[in-house]
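Peer 1: My questions all concern the structure below.
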Amino acid sequence: MALAFEQQPKESDKAFAAFSLYLSMGPQRSTAEVASKLAKSEQLIRRWSARWCWLDRVAAYATHMAAVERESTEALTRAKAPLWLKRQEEHKEVEWAMRGELVEAGRKILESFRDGSKGATLGDVARALELASKLGRLASGMETDRTEITGEDGGPIKVELEVALKKIYGAEVPPAQSVAVPRGEIIEAKVIEEAKS
């Protein structure tokens, strides 16, 4: 069975040629332009367009091409996946080996520092061990950085209780004030309703 955008049973060669031209025009396509290019009456082209459902066929073609493109991309990704997995594993092994070398270098620098030898500082040890730790974490898929979330200009995060309560309940609530929350602290907010007399 023919796909919607292919020549349909009983569709004449001329009608299909007109549709093919219409399809190839892209987003600026029009039956008037097809009529002009084929030296046919616009009324005939419109009849063919209605009879052979050109708009639906164009949509079917776009859907088909999107599926083809997606399948091609997926096939290419699947074909390359083993290669990239191998490269990632090789890279992890190299990082892990370098991590071991840096730990060993850090130990030697620390020993030199303890012996009072020149050229070794605690900063050197710290940098070597920090890099070793980062490489080890990268190689083993662990987190390497922690980002602390802070408020404006690095200060504490302010919780606007009144705004939050309005968002939750959608009604007027008693006036509240901003509360400064120190970093790392968990707060519990309680709303106390005043009894009206």
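Just so it is clear, none of the values below were taken in a lab; they were calculated from the coordinates. Bear in mind that the values here come from a model prediction, so they are computed numbers and not experimental data. With ideal geometry, Cβ positions are generated from the backbone for all residues, glycine too; neighbour counts draw on all protein chains shown.
Peer 1: Could you please report the charge total around Cys53, scoring K, R as +1 and D, E as -1 over all other residues with beta-carbon less than 15 angstrom from its beta-carbon?
Peer 2: So the surrounding residues net to +3.
Peer 1: Enumerate the calculated ³J(HN,Hα) couplings along the stretch 54-68 in order (Karplus 6.51 cos²θ - 1.76 cosθ + 1.60, θ = phi - 60°), each rounded to whole Hz, writing x wherever the residue is Gly or Pro.
Peer 2: Result, rounded to whole Hz: 4, 4, 5, 5, 5, 4, 5, 5, 4, 5, 4, 5, 5, 5, 4.
Peer 1: Sticking with this one: Convert each backbone phi in the stretch 7-17 into a coupling constant with the Karplus relation 6.51 cos²θ - 1.76 cosθ + 1.60 (shift: θ = phi - 60°), then list the ³J(HN,Hα) values in order as whole Hz, x for Gly and Pro.
Peer 2: For the stretch 7-17, the Karplus-derived couplings read 5, 8, x, 6, 7, 5, 4, 5, 5, 5, 4 Hz, x marking Gly and Pro.
Peer 1: Averaging sequence separations of C-alpha pairs under 8 Å and six or more residues apart, then dividing by the length of the stretch 82-139, give the relative contact order as a whole percent.
Peer 2: It rounds to 46 percent for the stretch 82-139.
Peer 1: Around Ser36, what is the net charge, scoring Lys/Arg as +1 and Asp/Glu as -1 over all other residues with Cβ under 14 Å from its Cβ?
Peer 2: +2
Peer 1: Go through the stretch 30-35 residue by residue and turn each phi into a ³J(HN,Hα) via Karplus (6.51, -1.76, 1.60, θ = phi - 60°); whole Hz please, and just put x for glycine and proline.
Peer 2: Here the 3J(HN,Hα) series is 7, 5, 4, 5, 4, 4 Hz.
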